[in-house]
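Each value in this text was obtained by applying a stated rule to the coordinates, not by laboratory testing. All values derive from a computational prediction rather than experimental measurement. Quick reminder, even Gly has a Cβ in these numbers, built from the backbone with ideal geometry, and neighbours come from all protein chains shown.
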Amino acid sequence: MEEKCPVKLLSRTLAHQGKILKMYDDYVEVNGRTTHWDFIHHDGAAAVLPVLADGRILMVRQYRHALSRYTLEIPAGKVDSPDEPKIDCARRELEEETGYAADELIPLINVNTTVAFCDEFIEIFLAENLRKTEQHLDEDEDITLEPWALPDLISLIFSGKMTDSKTVAAILAYAAKKNCCKGSNAAL
């Protein structure tokens with residue numbers, strides 16, 4: 001059964017266009033009243049949880065200007081165009097950021113990062129059976145690779161030291177799938 005939407009978009013005006021997003025001024029009607037909302041459009045992104053042969057997860061550490069600090073994340077990046085398949089984006093970002101490739105990427109989980117004001121949608125894939133290639137960082141990227149054990153990453157999440165939503169979702173989804181399938185023949 002489809003829910004009736006209590007919000008009606010009255011107008012949308014582009015307020016700012018940046019390198020990776022567009023910000024709009026939206027005027028909407030909610031329960032008979034007109035109000036102003038900010039809306040940010042993002043063309044979408046893909047991310048990869050790369051698992052090394054020894055079971056550790058290959059993480060990337062990079063500076064994030066919005067937080068004014070370094071963060072520990074899974075490799076990710078925006079699509080080159082709105083119609084680029086997310087799996088192609090994920091393959092590219094895995095190799096660019098880590099210098100590893102995988103023959104198969106398995107869908108793991110999807111996330112909308114900030115639903116209150118942004119439509120960014122990230123498809124996250126699992127990559128195993130990695131093979132070493134060559135890292136191809138963008139000119140504005142400074143990335144350090146760090147292999148981590150899954151329990152240590154989970155500790156970072158629950159201690160509040162890891163807060164990147166795509167990374168948190170990917171690690172917890174992977175842990176749940178591993179635990180769910182422990183001792184069975186089920187594929188991840």
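Computed quantities for the displayed model
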read-out: Spatial separation of Cα centroids for the range 51-81 and the range 113-161, in angstrom; value: 3 Å
read-out: Length gained when the stretch LYS132-THR144 is fully extended (0.36 nm per residue, less Cα-Cα span); value: 2.8 nm
read-out: Whichever aspartates and glutamates have a C-alpha closer than 17 Å to that of LYS161, once near sequence neighbours (fewer than 8 apart) are set aside; value: GLU73, GLU146, ASP152
read-out: When the range 1-75 is reduced to its Cα atoms, the Kirkwood hydrodynamic radius in Å; value: 16.4 Å
read-out: Under Karplus coefficients 6.51, -1.76 and 1.60, residue-wise ³J(HN,Hα) of the range 54-63 in Hz, glycine/proline x; value: 7, x, 6, 9, 7, 10, 10, 10, 8, 6
read-out: Label-zone membership for the range 55-95, site ILE106, 7 angstrom Cα→C-beta point, backbone N under 14 Å; value: 55
read-out: Where labels lie 7 Å past Cα in the beta-carbon direction, separation of ASN31 and SER11 in nm; value: 2.5 nm
read-out: Built amide H within the under 5 Å cut-off of CYS118, gap 5+; value: ILE40
read-out: Paramagnetic label zone (point 7 Å from Cα along Cα-to-C-beta, LYS4; backbone N under 20 Å) in the range 24-46; value: 28-35
read-out: Greater than 24 Å apart at Cα, pairs in LYS22/LYS86; LYS22/LYS78; LYS78/LYS166; LYS132/LYS177; value: LYS132/LYS177
read-out: Cα shape, the range 63-188, gyration tensor, a/c 1.5 rule; value: rounded
read-out: ³J(HN,Hα), Karplus 6.51/-1.76/1.60, whole Hz, each residue of the range 124-135, x for Gly, Pro; value: 10, 10, 9, 10, 10, 6, 6, 10, 6, 10, 9, 6
read-out: Rg/Rg_globular for the range 1-152, with Rg_globular taken as 2.2 N^0.38 Å and Rg from C-alpha atoms; value: 1.26
